[in-house]
Amino acid sequence: MISRCRRWAWALFLILLCPFSWAADGDYRQVTGPCALRFPEDHADHPDFRTEWWYYTGHLKTDDGAHFGFQLTFFRYRIAPPAEEETWPVTSSAWRSDQVYLAHAAITDVASGRHLYAEQSARAALDLAGVSLSGDTVTIAVNDWTVRIEPALQRLAASSDEFAFELELAPLKPPIPHGVNGYSRKGDEPAQASCYYSFTRLVARGHLAVGGRHLKVSGQAWMDHEFSTAPLAKGLVGWDWFSLQLDDQRELMLFVLRHSDGTWHPASSGTLILADGTTRHLTRDEIDVEVTRRWRSPHSQAEYPVGWRLQAGDETLEIQPLLDDQEMRTGASTGITYWEGAVKIAAPDKGKPLKGLGYVELTGYADAFDAPM
């Protein structure tokens, strides 16, 4: 971003979060090696790290074939590192908290050509927001938006003036760690990394309200959970991230870390998940992304790639968005403008009609993305 503090639209967040953004990385816990993830504990929060997110996307359809994309993302930011908090004045205020939570939700209504989104923000005080682990169930909440992660089911609920959804997601595969045992490099230094895993194929069912309609929906979804402290490596302006679910029951995650001149950082990588849940790590040399089409936002004037020819290992995939305008302008929460969109997939060079669905996230096109990971 041009200014870190300009990210936060509300005066409260200016007060709370700008000191946090400038604090030294070393005062927070660092990710420096394999994460040894354990569940259900690691579905919950990791408050000693600076930032964390739980991220859901997916495709929903009605019985008559209407197609919708959805997104629900919860962000946790630690306001100040432990060493700085020791200097805070002692107070018994119920508002006091060292964590702030923010959330984004969106619906892409393909038939109407509309992308609708909403935001929430709250600090982890007075039961306004937070994460709890009770038995084997993790609950994440920001105001009345919630996620419940249970062993066999994940439940999502979010609503706004324009849409609402309640979904149940059943995982078909176990949590998939990325990188080296969940240790996902994002730069040259060991601490420029995150702990990162995904549920790459969840069966979705539930209800969606949009455009005055109340719809029963079903489909498929993807879940990411990532936590870290370090920012992107110096010189990086953003990333292009792909989560792709192929019809042959394989999935592909990959991210491209971009320099300001458009070149990729060597830490760019991916994971291919086979039908039986086994995985193959893909290095920078095994992936390539060619942009086939671009779109300029009439809202932010940012120019985004919105068509791709992706090479991952031996596979070539053509990717197109279901709607060009899936830009998120989040001035009331994170303050970041990014593109988060539902896409469709084809493999034109293959003899078999391989297809699929997915989501793509594009950051750093409206402004350089210098926020923490």
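Read the figures in this text as sums done on the coordinates, not as results from a lab. All values derive from a computational prediction rather than experimental measurement. Every residue, glycine among them, receives a Cβ derived from its backbone with ideal geometry; neighbour counts consider all protein chains shown.
Rounded, prolate or oblate for region 206-280? Axes are the square roots of the Cα gyration tensor eigenvalues, ordered a ≥ b ≥ c, and the cut-off for rounded is a/c under 1.5.
Since a/c reaches 1.5 but b/c is at least a/b, the shape of region 206-280 is classed as oblate.
So what's the net charge close to Asp276: Lys and Arg +1, Asp and Glu -1, counting the other residues with Cβ under 14 Å from its Cβ? Counting the neighbours of Asp276, the net charge comes to +2. Amide H to amide H distances under 5 Å link Met328 with Tyr338, Trp339, Glu340, where only residues 5 or more positions off or on other chains count and H is placed in the peptide plane. Residue exposure proxy: Met328, Met223, ordered by other Cβ atoms within 10 angstrom of their Cβ from fewest to most, comes out as Met328, Met223. Counting charges near Leu215 (Lys, Arg +1; Asp, Glu -1) among other residues having Cβ under 11 Å from its Cβ returns a value of 0.
Judged by the mean number of other Cβ atoms found within 10 Å, the most tightly packed of the peptides 135-141, 209-215, 321-327 leads the ranking 321-327, 135-141, 209-215. Placing +1 on the Cβ of every Lys and Arg and -1 on the Cβ of every Asp and Glu, with no other charges, gives region 5-362 a dipole of roughly 380 debye about its Cα centre.
Region 118-147 and region 226-264 have Cα centres lying 27 Å from one another. Among Thr292, Thr73, Thr229, the ranking by other beta carbons within 10 Å of each residue's beta carbon, starting with the fewest, stands as Thr292, Thr73, Thr229. Extents of region 163-244, largest first, come to 49, 28, 20 Å (Cα atoms, principal axes, whole angstrom).
Taking θ as phi - 60° and the Karplus parameters 6.51, -1.76 and 1.60, the scalar couplings of region 275-290 work out to 4, 8, x, 6, 10, 9, 6, 10, 8, 3, 5, 9, 10, 8, 10, 10 Hz in sequence order, x denoting glycine and proline.
As a proxy for reagent exposure, ranking Leu72, Leu172, Leu246 by other Cβ atoms within 10 Å from fewest up yields Leu172, Leu246, Leu72.
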